[in-house]
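Where a number appears in this text, it was derived from the coordinates with a stated rule and is not lab data. Not measured: the values here are computed from a predicted model. All Cβ positions, glycine included, derive from the backbone under ideal geometry; neighbour counts span all protein chains shown.
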Amino acid sequence: MMREREICPCCSCSAEQELLYVVNGWLITRCRTCGAGRSRGNGFDAKTYYGEAYFKGGHNDGYFDYGESEPVLRAEFKRLARDLAAVVRPGSRLLEVGCAYGYFLREAGQYFETVGIEISDAAVEVCNAAGLTNVLCGTLDSIGVADVGMFDAVVMLDVIEHLENPLGDLRKLAGLLRPNGILFLTTGDFSSCLARFIGPRWRLMTPPQHQWFFTPQALRSLSHQCGLEVESVHHRGKRVPLALALFQVKRMLGLTRLGVPAFFNEIGVPVNLFDAMQVTIRKRIDRPEVVN
């Protein structure tokens, strides 16, 4: 079954959108050119959805307990901040979009002057209480250059798939980046073997919160439209809280009554299913892309 032809925001082609399946009452379609997937439906209020419950196990597709997982999460973010400091001059300005409780910002603050943007009022309160007064509550639509200034690096960790308008938002971020600035993001890989094999039961197939499902080709095309160039794409593993991993397995298998011990939040386990990407994108630079 196909939908009508339309312009794909990722690759700008006019192609039929393939209907793959229905998940949580939302249609999941895929561009036949770049492979980007999209959730289609009505009635999603992001501001309400990403409240306190999202971070404390109130949604099956959210976090089990983000706050109690702080040590594991910060250890992983420390590695990412160190890697970013190797390619972005220390002392530079860094913006994180969708900074949650500010754990990455605290680690990145060792190297950069940091600013955060977060849609969740509850999460911003946690940030402010921890001394991160440089975290603004809102979205890229509500916060402009005059509010935040220009940056040498922008970070989005598992955020771009939540955006309603990734093309528009990437254009805004490109406008906030200085020449040669870095946009670093992580997101799922919709073209991965696991995503294709599991289909509607893929761990990241969680509409309506995940509104887009990207491929490396889709991100290259999307970036190019914004005056940006993908510099590298890596499928690297990371350490995640054991409680979160089991929480996701419960949802995938429909085991809603199975409990998860709270102390599992403090245990980090290495995971690499090769279905998630770490992508480095640079403003106005011409270098070959590395994919592995």
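Against the list (1) surrounded by 14 or more Cβ atoms within 10 Å (Cβ to Cβ); (2) farther than 27 Å from Arg236 by Cα; (3) touching a residue at least 60 places away in the same chain (Cβ under 8 Å); (4) of a type in the set (Lys, Arg), the condition Arg30 fails is (2).
Asp45 falls short on exactly one of the conditions (1) of a type in the set (D, E, K, R); (2) touching a Phe, Trp or Tyr at 6+ places or on another chain (Cβ under 9 Å); (3) surrounded by fewer than 22 Cβ atoms within 10 Å (Cβ to Cβ), and that condition is (2). The sole residue among Gly175, Gly199 that is within 25 Å of Gly43 (Cβ to Cβ) and either part of a helix (DSSP H, G or I) or touching a Ser or Thr at 6+ places or on another chain (Cβ under 6 Å) (or both) is Gly199.
Of the residues making up the stretch 230-251, those that are out of contact with any Phe, Trp or Tyr (no Cβ under 8 Å at 6 or more places or on another chain) and part of a helix (DSSP H, G or I) are Ala245, Gln248, Val249, Lys250, Arg251.
Here is a yes/no grid of residues against (1) under 30 Å from Met150 (Cβ atoms); (2) touching a residue at least 12 places away in the same chain (Cβ under 8 Å); (3) surrounded by fewer than 20 Cβ atoms within 10 Å (Cβ to Cβ); (4) within 15 Å of the chain's Cα centre (by Cα):
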residue: Arg40; (1), (2), (3), (4): no, yes, yes, no
residue: Gly57; (1), (2), (3), (4): no, yes, yes, no
residue: Asn60; (1), (2), (3), (4): no, yes, yes, no
residue: Gly67; (1), (2), (3), (4): no, yes, yes, no
residue: Pro71; (1), (2), (3), (4): no, yes, yes, no
residue: Lys78; (1), (2), (3), (4): yes, yes, yes, no
residue: Asp83; (1), (2), (3), (4): yes, no, yes, no
residue: Glu96; (1), (2), (3), (4): yes, yes, no, yes
residue: Ala108; (1), (2), (3), (4): yes, yes, no, no
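Once the stretch 173-191 is narrowed to residues that are polar (S, T, N, Q) and either within 16 Å of the chain's Cα centre (by Cα) or closer than 15 Å to Asp158 by Cβ (or both), the residue that is surrounded by the fewest Cβ atoms within 10 Å (Cβ to Cβ) is Thr186.
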